Amino acid sequence: MDPRKVVAEWFRKTVFREEAIRPRPPKHAGRLPSPLQAARSLENGPHQSWQSRESVFMKQGKLLATYEDSSGDCDSVVCYYPTYQSLTDRQLRAYFGWRTRLRRGEIRKTSLSFAFLYIYELINQIGVPDPMSGYNSLLAFQEAYGRLDGGILHSLGRWIPDYVVYYGLDPSLLSGAPQAVLNRSAAVLDRVQEAEDGQVMDAVRQISKWLGRSKFYAECREDMDRVTVRVLRRMSAHYAARCKKTLVEQYLAPLAEEPAYLFDSAVFCNPLKRANYRYDVDGQWVYRCENGFWYVQKRDGGKKLDVLLKTIDSAMRQARDYRYPVKAELNTKWVLRLIQEEIQALSGEPEAAGAAKITIDFGQLAQIRRDAASTQERLIVDEELDLPPEGPLPEPEPEQAPEPSAAAAGASPLAPAEYRLLQCLLYGRDTGWVQREGLLLSVLADGVNEKLYDQFLDCVLDGDARPVPDYIDDLKEMVRP
């Protein structure tokens with residue numbers, strides 16, 4: 001047989017098979033509407049990546065800003081950082097169908113990917129005539145859709161303030177933001193000596209999370225408010241007199257500038273192309289853009305104030321034998337002493353108020369004066385009997401400061417030389433060894449203050465390297481002779 005015929009027969013039986021002609025699909029079936037086709041044409045091809053995702057999104061968004069579709073919902077869509085390009089054709093039409101109904105006031109729960117895609121449109125000014133309209137749309141969506149799906153609330157809570165800052169809207173729109181509330185409270189606490197008690201506690205409650213959870217505070221609010229205000233005023237006076245930091249800087253943190261990341265974790269296209277820009281919210285909360293990099297000056301704090309409030313709460317519960325004790329977290333001794341003194345003073349106030357009601361017999365004033373004069377004479381005589389002998393006191397011989405033991409120095413955060421200096425200062429010994437050993441007294445004193453600051457929340461040595469009197473007893477418990 002002809003070999004060519006054999007090969008042809010084999011090909012017909014094994015490779016080529018007859019098939020029925022399939023009917024043609026209806027005309028235009030499965031084709032995207034022309035606006036969506038035009039948007040698809042803007043995307044990068046399979047082997048192209050010259051456009052960023054944000055750039056493609058912005059171009060497509062402007063093209064489809066007013067597009068409407070009647071398509072219904074599709075299966076659940078799960079897509080992180082969704083853009084039009086990341087959706088299939090069916091999903092794309094489903095999104096625009098949902099957006100069309102949303103703009104007409106029909107709010108339906110959909111996939112989070114669609115919800116975030118809509119938010120990305122608003123923060124990039126897609127589909128809104130001006131920034132204020134976009135802000136109102138964000139607030140409306142946050143309120144209406146947030147009730148259907150709380151998954152958008154955390155992100156919108158960060159992005160809406162960013163929107164106000166980036167587009168330069170009125171700073172009063174941020175008056176209710178946590179940072180603005182913190183700054184207003186800090187301003188009150190900065191003038192705690194002059195502010196009224198109610199103003200001080202209103203500021204404290206704005207910052208504190210502990211007071212809202214405390215059962216004791218709910219039952220004894222008035223008394224705890226009085227103790228808290230008095231403690232804060234005494235602490236403020238202490239810091240003003242002895243420390244470089246104020247009460248606010250210590251317990252609410254000082255103002256500091258740090259990098260800012262506006263619209264973090266969002267598909268954001270920087271439509272205004274901000275390069276150099278400044279936005280001042282309230283004089284303390286300030287944003288700055290320099291060469292495209294953002295920075296924010298703000299105050300991060302509140303947690304340390306809650307530690308103080310919880311300590312006051314704990315001490316008052318203990319003083320009143322409250323049925324639910326809590327553990328105090330603050331161990332700074334001079335602050336604990338202030339708290340105890342104010343609690344004791346508060347406990348004595350009812351007795352003092354009762355004593356004030358005692359009627360005085362003014363007819364006895366003459367006898368009171370005679371008794372006082374007699375007492376004065378006796379005191380003068382006693383004081384004269386206790387006078388020291390005349391002449392200069394003998395000079396004590398200089399005492400050589402012993403080296404600190406290894407055990408004592410090892411248990412302290414201080415270096416051996418710092419520990420030895422503190423020994424000399426506390427127990428009146430000679431510090432001449434500092435110069436003889438080639439050291440600087442000021443450097444050692446700064447080291448002592450720095451290493452003990454976390455424990456005392458203050459400098460324990462003043463500018464002349466002398467122990468602060470308030471801390472001498474506490475320091476002697478740490479540094480033995």
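The figures follow:
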quantity: Complete set of residues in segment 52-87 that are on the phi < 0 side of the Ramachandran plot, open to solvent by 70 Å² or more (accessible area, probe 1.4 Å) and not in a helix (DSSP H, G or I); calculated: T66, E68, S70, D73, D75, S76, V78, Y80
quantity: Sole residue being more than 22 Å from the chain's Cα centre (by Cα) and assigned to a helix (DSSP H, G or I), chosen from G212, G198, G168; calculated: G198
quantity: Tally of residues being in a loop (DSSP other than H, G, I, E, B), basic (K, R) and modelled with pLDDT of 90 or more across segment 318-343; calculated: 1
quantity: Positions within segment 281-302 being closer than 17 Å to L262 by Cα and within 13 Å of the chain's Cα centre (by Cα), in sequence order; calculated: W285, Q297, K298
quantity: Entirely in segment 239-299, the strands (runs of 3 or more DSSP E) that have 3 or more residues that are open to solvent by less than 60 Å² (accessible area, probe 1.4 Å); calculated: 286-290, 293-298
quantity: Leading residue by the ranking (surrounded by the fewest Cβ atoms within 10 Å (Cβ to Cβ)) among those in segment 300-329 that are without any contact (Cβ under 8 Å) to a residue 60 or more places away in the chain and of a type in the set (S, T, Y); calculated: S314
quantity: Number of the condition not met by V443 [criteria: (1) within 30 Å of K304 (Cβ to Cβ); (2) surrounded by 13 or more Cβ atoms within 10 Å (Cβ to Cβ); (3) not charged (D, E, K, R)]; calculated: (2)
quantity: Some residue of segment 203-222 being open to solvent by less than 10 Å² (accessible area, probe 1.4 Å) and touching a Ser or Thr at 6+ places or on another chain (Cβ under 7 Å); calculated: yes
quantity: Matching residues in segment 418-443 - criterion: being among the acidic types (D, E) and over 23 Å from Y471 (Cβ atoms); calculated: E437
quantity: Count - residues of segment 108-126 that are under 35 Å from the mean Cα position of the chain (by Cα) and either in a loop (DSSP other than H, G, I, E, B) or aliphatic (A, V, I, L, M) (or both); calculated: 12
quantity: Search result, residues across segment 446-467 that are over 17 Å from T431 (Cβ atoms) and touching a residue at least 12 places away in the same chain (Cβ under 8 Å); calculated: K451, L452, Q455, F456, L457, D458, C459
quantity: Flag for P178 being more than 20 Å from T246 (Cβ to Cβ) and open to solvent by less than 80 Å² (accessible area, probe 1.4 Å); calculated: no
quantity: Residues satisfying the stated conditions in segment 431-481, i.e. in contact with a Pro (Cβ under 7 Å, 6 or more places away or on another chain) and part of a loop (DSSP other than H, G, I, E, B); calculated: V460
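The values are calculated or read from the model by the stated rules, or taken from the named source; none is laboratory data. Just so it is clear, the model here is predicted, and its values are computed rather than measured. Note that we place each Cβ from the backbone using ideal geometry, even for glycine, and neighbour counts take in every protein chain shown. The area values use the complete protein model at the heavy-atom level, side chains included, leaving out ligands, DNA and RNA. Shrake-Rupley method; radii C 1.70, N 1.55, O 1.52, S 1.80 Å.
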